[in-house]
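All of the numbers you see were taken from the coordinates with simple rules; none came from a lab. Bear in mind the structure is a predicted one, so any value in this text is a computation, not a measurement. Positions of Cβ are backbone-derived with ideal geometry, glycine not excepted, and every protein chain shown enters the neighbour counts.
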Amino acid sequence: MEAVIQQYGEVPYDGFASFYNRNLGRFAERLLPVLDDLFLRHLPSGGRILDVCCGTGQLAFMLRKRGFAVVGVDESSEMLRLARCNAPDAEFIQAKASSFELAEAVDGVVSTFDSINHVLNIKELEEVFSCVHRHLKNDGYLVFDVNMEEGYLSRWDGHWQGRFEEGTYDIKAIYDKDARIGRNEIKVNKSDSEITCQWEICEHCYSEQEIRETLKNSGFAVRAMYDGHQDLGLFGEWGRSFFVCQKATARLSDTGVAREPPKEKVKYRSVRTCILDGVYPGNALRRELGEDSLRLNAISEVLCRFQPAHYDQLYTQAPRFSWFIPAVDVLGQVHPFPVCSQPSSSSTEWSPHSRVVYLSPLLEQHKWPIVVIAVAHELVHVILNHELVDLDGDTYRRQEREVSQKLVDWGFQDELTAAVPSDSIT
């Protein structure tokens, strides 16, 4: 008897749900450490997170284990049935990503595993972002990953076959460069059935400019963008870009005219890259300070925002400086300073760790712009290889003016203006 082919039409995800749950849902496990780095640490304890296109709920389950309240939205009733089994403590709503309604605003929004690519046109994409914006608290974060063309060209050209508990599967990935459409043709043969289930899952390849413009039109500012493989340690995920966005709320001036949201701060690399490059504080120091430390977060902000040419200069200095960032509650401590205040007699080069970047615990009591400027100010001294000892007054003032000008030139004007009096930070 010939096998019967069962096909699914416009929204095939109900028939696809069981296969997805068993074979693809585990991608969430790889993403959780990345989401920790990108935005979870910025959310309030027990905060409320919306998972858009939540699928079968694996990520919702892990976020609930972290203590967050989770709401998942998905259009597929079968996906949600399995999600409720996987994450019984989360709330799930069946609705389109472009038109859902929540009773309560959320602190953060996440959408993963190229769910955004499943929105097949710009008009609906803007509706999705606008709907998310409407339900997100002021200054709340939206984080999502999306397949860019590099991802489709490198990963959507193959044919995979294999077995799973219920039978065999056959997946063919095709990317149409001209149409900018990716297609997954999926066939599943179940061992206990003569029915072959067949689906075609389509995705749209958006350009970075299209995504940025659509986000802006929907009221979001892009705070950072990272490549999964290159920046975030997701091996093999070339061209899977992660966007970190923030709800850009318009503020009224004294004249009642809405001001433009502040310009986004471009970030050129991830914290993980800075750690691997050896310019970031070490593991022991990070544990001692804790993830809520203003100084540690300011170091992340500054290192990620330094332009490539300036960061490269700091990278070359990495063997020659170390961090000294005592914890607030440390009253006394013997700390090794492997420094040499003078060149050795046999060389004009300074010894390794000849400079120590000290950040006072008092910074934890200051406002964010002051902490950012304090970190950036000292690192610019390192980058410019300034003299630090036995300075006369003229040299000292010249170096301080040079650092202040570099902070303006390198994109820290807003923080410098807010950190009044800025000339008190040396």
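List the extent of the Cα atoms of the range 43-109 along each of their three principal axes, largest first, rounded to whole Å.
Taking max minus min along each principal axis of the Cα atoms, the range 43-109 gives 31, 24, 14 Å.
Which pairs break 24 Å Cα to Cα here: K137/K216; K65/K172; K247/K367; K65/K187; K96/K177; K137/K367?
K65/K172; K65/K187; K96/K177
How much length is gained if the chain between Y358 and I93 is pulled fully straight, taking 0.36 nm per residue apart and subtracting their Cα-Cα distance, in nm to one decimal?
Numbers: separation 265, 0.36 × 265 = 95.40 nm, distance 4.99 nm.
Taking 0.36 nm per residue and subtracting the Cα distance, the gain is 90.4 nm.
Can you give me the long-range amide H partners of S322? Hydrogens built in the peptide plane at 1.01 Å from N, cutoff under 5 Å, separation of 5 or more residues or another chain.
R355, V356, V357
Order the peptides 298-305, 377-384 from the highest to the lowest mean number of other Cβ atoms within 10 Å of their residues.
Details: 298-305: 22.4, 377-384: 20.1.
By packing density, highest mean first, the sequence is 298-305, 377-384.
Would you mind computing Rg(Cα) / (2.2 N^0.38 Å) for the range 287-329, counting N as its residues? Kindly include the intermediate steps, with their values, before the conclusion.
Working: Rg = 12.2 Å, N = 43, 2.2 N^0.38 = 9.2 Å.
Against the empirical 2.2 N^0.38 Å value, I get 1.33 for the range 287-329.
Sorted by average packing, counted as other Cβ atoms within 10 angstrom per residue and highest first, what order do 21-27, 118-124, 228-234 take?
Working: 21-27: 16.4, 118-124: 14.6, 228-234: 19.4.
Going from most to least packed, we get 228-234, 21-27, 118-124.
What is the spin-label model distance, in nm, from S207 to N121 if the labels are put 7 Å beyond Cα along the C-beta direction?
The answer from the label model is 2.0 nm.
Starting from the Cα-Cα distance between H159 and L24, subtract it from 0.36 nm times their residue separation and give me the gain in nm to one decimal. Spell out each step's value before the answer.
Details: separation 135, 0.36 × 135 = 48.60 nm, distance 1.62 nm.
Result for the pair: 47.0 nm of gain on full extension.
Rounded to the nearest 0.05, what FRET efficiency is calculated for D312 and F235 with R0 set to 35 Å and r the Cβ-Cβ distance?
Numbers: r = 25 Å, r/R0 = 0.70.
FRET efficiency, D312 to F235: 0.90.
Starting from 0.36 nm per residue, how many nanometres of slack lie between R286 and C85 once their C-alpha separation is accounted for?
Working: separation 201, 0.36 × 201 = 72.36 nm, distance 3.72 nm.
Length gained, R286 through C85: 68.6 nm.
Got a sec? How would V357, V372 order by Cβ neighbour count within 10 Å, fewest to most?
On the way: V357 16, V372 26.
The fewest-first ordering by Cβ neighbours comes to V357, V372.
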